[in-house]
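A.B. asks: Sharing a structure below in structure tokens format, with a few things to ask.
The values are calculated or read from the model by the stated rules, or taken from the named source; none is laboratory data. Note that the structure is predicted; figures quoted are calculated from it, not measured. Cβ sites come from the backbone with ideal geometry, for glycine too, and all protein chains shown count toward neighbours.
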Amino acid sequence: MFEDKTLTCKECGQEFVFTAGEQEFYEAKGFVNEPQRCKACRDARKAASRANREMFVTVCASCGAEAKVPFKPREDRPVYCSECFAKMKEAEEAENAEEPAQTENTEE
Ligand SMILES: [Zn+2]
Ligand SMILES: [Zn+2]
């Protein structure tokens, strides 16, 4: 049987509970080490590594500034910096707002 355990986070020094349920989960997964960090720190690290992993630096096709995008840029597709992207989106929205949807022209 598992019992809740109080561990100390390596990252922030806070105590956190390694619950019986989590211990069971760890054993089921075959993990041998106890968690070193509290959930908040683990989540923060996960979020940080995800952010790092998924950002690609390229050059904006519009202004030539550095552009960071959350996907791998493809050579055949222009990539824009967030500023240009926002401007383009704005322009697009303005255009859509001004021009009503195309209707079939039945007039001669
Ligand atoms: Zn922590
Ligand atoms: Zn730009």
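A.B. asks: Tell me which residues, restricted to segment 49-94, are among the acidic types (Asp, Glu) and not in a helix (DSSP H, G or I).
C.D. replies: Taking segment 49-94 and keeping what is among the acidic types (Asp, Glu), we get 54, 66, 75-76, 83, 90, 92-93.
Those that are among the acidic types (Asp, Glu) and not in a helix (DSSP H, G or I): 66, 75, 76.
A.B. asks: Given the conditions (1) in a helix (DSSP H, G or I); (2) among the basic types (Lys, Arg); (3) at pLDDT 90 or above, and given that residue 46 satisfies all but one, which numbered condition is not satisfied?
C.D. replies: (3)
A.B. asks: A follow-up question, please. Among all residue pairs at least 6 apart or on different chains, which show Cβ distances below 7 Å where the first residue, located in segment 11-23, is part of a loop (DSSP other than H, G, I, E, B) and the second is loosely packed, with under 13 Cβ neighbours inside 10 Å?
C.D. replies: Filtered contacts from segment 11-23: 19/4.
A.B. asks: Counting only residues that are at pLDDT below 85 and of a type in the set (Gly, Ala, Ser), which one in segment 63-108 is nearest to residue 50 (Cα to Cα)?
C.D. replies: Result: 97.
A.B. asks: Go through (1) exposed (fewer than 12 other Cβ atoms within 10 Å of the Cβ); (2) over 30 Å from residue 87 (Cα atoms) one by one and return the number of the condition residue 66 breaks.
C.D. replies: Result: residue 66 fails condition (2) only.
A.B. asks: For segment 28-43, give me each residue that is free of Cβ contacts under 8 Å to residues at least 24 places away in the same chain and either away from ligand 1 (no atom under 16 Å from the Cβ) or in a loop (DSSP other than H, G, I, E, B) (or both). Spell out how you get there, then give the answer.
C.D. replies: Pass one, segment 28-43, residues free of Cβ contacts under 8 Å to residues at least 24 places away in the same chain: 28-33, 39, 42-43.
Once the filter is applied, which keeps residues that are free of Cβ contacts under 8 Å to residues at least 24 places away in the same chain and either away from ligand 1 (no atom under 16 Å from the Cβ) or in a loop (DSSP other than H, G, I, E, B) (or both), segment 28-43 yields 28, 29, 30, 31, 32, 33.
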